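Heads up: the structure comes next, in structure tokens.
The values are calculated or read from the model by the stated rules, or taken from the named source; none is laboratory data. As the structure is a computational prediction, the values presented were derived from the model and not from experiment. Methodologically, a virtual Cβ is constructed for each residue, glycine included, from the backbone with ideal geometry; neighbour enumeration extends over all protein chains shown. Quick note on the areas: whole protein, heavy atoms, side chains included, nothing else; ligands and nucleic acids left out. Shrake-Rupley method; radii C 1.70, N 1.55, O 1.52, S 1.80 Å.
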Amino acid sequence: MHLTEQQLNFFHTFGFIHIPQLFQPDEVTWIIEEFEHVLDTYGKGDGHDGSQRTMIVPTIDHSEKLCTLLDDPRVVGIASDILGDDFNYASGDGNYYSGDTGWHADGGYPEIFAIKIAYYLDPLRRDTGCLRVMPGSHRPDSFWRTGNVAPRDSEELWGVPPSEVPGNVALETNPGDLAIFYHDTFHASFGGSERRRMFTMNLIKQGVTEEGIARVDQYLRHHCPVAHGFKIGGMYTD
Ligand SMILES: O=C(O)CCC(=O)C(=O)O
């Protein structure tokens, strides 16, 4: 599958895109089964009691079947449209989220470099934990980046709860959908359950120049499990 010119423009303009029902129900079934197996077997997910987020990095690396998502022509087509067909997989997390996620970006790069493909495995609505995004916040000249306007501090700054910061968009998703966003895009979620299932694939642009290769290197150091003290196997371990 390829993005249309309009979809690609939308993504680059607003910093996110929602692709509904890319995967069929029978595919969703095995994706969820594999996800839960990985979380429970390698990520202590079997002990998740909802008191805090359970996370594993990386995720798909632990399952041969989930790894096939990296070769899936639908995923490859979309990722190639955005990053070029020499993009690289660069790890990704798997989660049983619990509760809200505050506003944040996953990085701040001067140009398109890294995207996150998010697979949410439960039906999620605006107030039940779907991804919220701040359109345009990925742009280096966005006032979300240049001004003193951290949406996380919305109560203190403007007297409104973070879920009601003006301009935010709720990406309501069902299993089988993809939510794709620039690492730079501010995002959050509100009102989710204590076991909200989601995993990501981080994809980055090929490093070609010296500066580009240094960026890739720095990215991998930051996102690899060993850099965070985890010894859980998968790529980029020692
Ligand atoms: O779904 C959420 O709670 C937010 C996801 C998120 O923050 C992320 O993937 O970086």
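Summary table below
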| item | result |
| --- | --- |
| Label-point gap, in nm, between Gln218 and Ser80 - each point 7 angstrom along Cα→Cβ | 3.0 nm |
| R0 of 30 Å, Cβ-Cβ distance Leu70-Asn148: FRET efficiency to nearest 0.05 | 0.15 |
| Heavy-atom surface of the chain, accessible at 1.4 Å and reported per residue (Å²) | 47 Å² |
| Portion, in percent, of the accessible area of region 152-226 that falls on carbon or sulfur, probe 1.4 Å | 50 percent |
| Mean separation of Cα contacts under 8 Å, 6 or more apart, over the residue count of the chain: relative contact order % | 30 percent |
| With all protein chains modelled, accessible area of Val216 [1.4 Å, Å²] | 20 Å² |
| Value of Rg/Rh across region 5-228 [Cα atoms, Kirkwood radius] | 0.95 |
| Magnitude of the charge dipole, the chain, Cβ model with Lys/Arg +1 and Asp/Glu -1, debye to 20 | 400 debye |
| Within a Gaussian network of the chain (alpha carbon springs, distance under 10 Å), most fluctuating of Phe16, Phe143, Phe181 | Phe143 |
| Cα pair count fraction exceeding 20 Å, expressed as % - region 137-228 | 57 percent |
